[in-house]
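Please read the structure below before turning to the comments.
The values are calculated or read from the model by the stated rules, or taken from the named source; none is laboratory data. Quick caveat, the model's predicted, so the values are computed rather than measured. Methodologically, a virtual Cβ is constructed for each residue, glycine included, from the backbone with ideal geometry; neighbour enumeration extends over all protein chains shown. What goes into the accessible areas is simple: the full protein's heavy atoms, side chains included, and nothing from ligands, DNA or RNA. Shrake-Rupley method; radii C 1.70, N 1.55, O 1.52, S 1.80 Å.
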Amino acid sequence: GVFSSPADPTDFLPARAIDAIGRVFGPTYRELWVYSATADMLTACTAFAANAHGGLETIEIWAELSVEDLLQICKTSPRLTKLSVRSYNHLEIPIPSADYSAIASSLTLLCPLLSDVHFPSGTGRSSARSPMETWAKHFSKLKTLSLSTGYVEYVPRAFDQIEAAATQCVEATVCDLNACIVHPNLVECLLRTPLSTRLTRLRLSEATILPKTLIDAARGFVCLRELHLPDDFDEGRRFYKSLAQARPEITRLYCGYGNTADDACLRLICKRFRLETLVIVAMDSLTEDAVPMILETPCRQSLREFGISYVGAARL
């Protein structure tokens, strides 16, 4: 159910209409999207959730509300698997001065199936903390563990909380390090946890990481199959050869915006890996021979998805 238009915040269904829809059709709905936090709207949405008789699986809230409002909306939805609480205008915090770790502790009792959760990271760069360092450990079914706050050059530091999340989130197979500064001791911390044998996807978009640290991560995460390289990645054939030696099982490679790899690097990649997915964006060092060259490698048989954009548009 979508009760307001994200394109036009004045385009809301009246609260009484939401209440009526819930009473008649509530059990057939699986999603509830809230874009307004007026008192009557929150009351109507809470009633709608109750009238869904536990059928809601997704709740997305783009509005300011209280902890009590959030828990009230969620407590009648034990089958909830996705919960997202965000600011509609990206300026106000949806739940002012909230302790999201405490909220998570309550929510996991109300909605034990939650596997996809988003809360704001903080009121600004200085106070921002990642999910793994705060509330992620409370949701054992999370599929993605994130050390990202949305701020570039964030440095994760709360290693005790990171280890707790990696240990307690037993179904997590994805780690998001986007926009982080990834020091070697962070990778060492992650590799000490059970995540070292579960991780299949590692995302490093906009991250800063030493090539050796990245190779160590690839070697240590024994189930790694999908890798998102940092943007503006500037390494040559030696790196990709080392990556193939460390984790030849990688089948999905996202090269990162502005990667400087040339045709020789791409040829090595396509020979050493049996890629099913290859994405290259704004790789201006490639020539018009890049695509024909890919078709001459073993990836011609293995590729199922090939994304190419902003790559020497005049040539490719």
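List of remarks:
- Option label - Cα extents along the principal axes in Å computed here, alternatives (1) 64, 45, 34; (2) 64, 52, 36; (3) 65, 50, 39: (1)
- Segment 189-314 - accessible surface per residue (Å², probe 1.4 Å): 47
- Cα long-axis angle, helix 237-246 against the chain (0 to 90 degrees, to the nearest 10): 70
- Helical mean residue ellipticity (222 nm; -39500 (n - 2.57) per DSSP H run of 4+; nearest 500) of the chain: -9000 deg cm²/dmol
- Ala207 long-range amide H proximity, modeled H, under 5 Å: Ala179, Cys180, Asp231
- Shown here for segment 240-316: GluC sites (Glu not before Pro) in loop regions (DSSP other than H, G, I, E, B) with at most 16 other Cβ atoms within 10 Å, namely Glu249, Glu288, Glu296.
- When a 1.4 Å probe is rolled over the protein heavy atoms, the share of accessible surface on segment 198-316 that falls to carbon and sulfur comes to 47 percent.
- Proximity of backbone amide H atoms, modeled 1.01 Å from N, is registered between His118 and Leu83, Ser84, Val85 at under 5 Å, excluding neighbours fewer than 5 places apart on the same chain.
- For the chain, lysine pairs with C-alpha atoms less than 15 angstrom apart, excluding pairs fewer than eight positions apart on the same chain, total 4.
- Euclidean distance of C-alpha centroids, segment 160-193 and segment 232-255, integer Å: 21
- Segment 133-256 - charge dipole about Cα centre, Lys and Arg +1 at Cβ, Asp and Glu -1, debye rounded to 20: 500
- Where GluC sites (Glu not before Pro) fall in DSSP loop in segment 94-196, at most 12 other Cβ within 10 Å: Glu153, Glu171
- With Cα atoms, 0 to 90° folded angle of helix 15-25 axis to the chain main axis: 80
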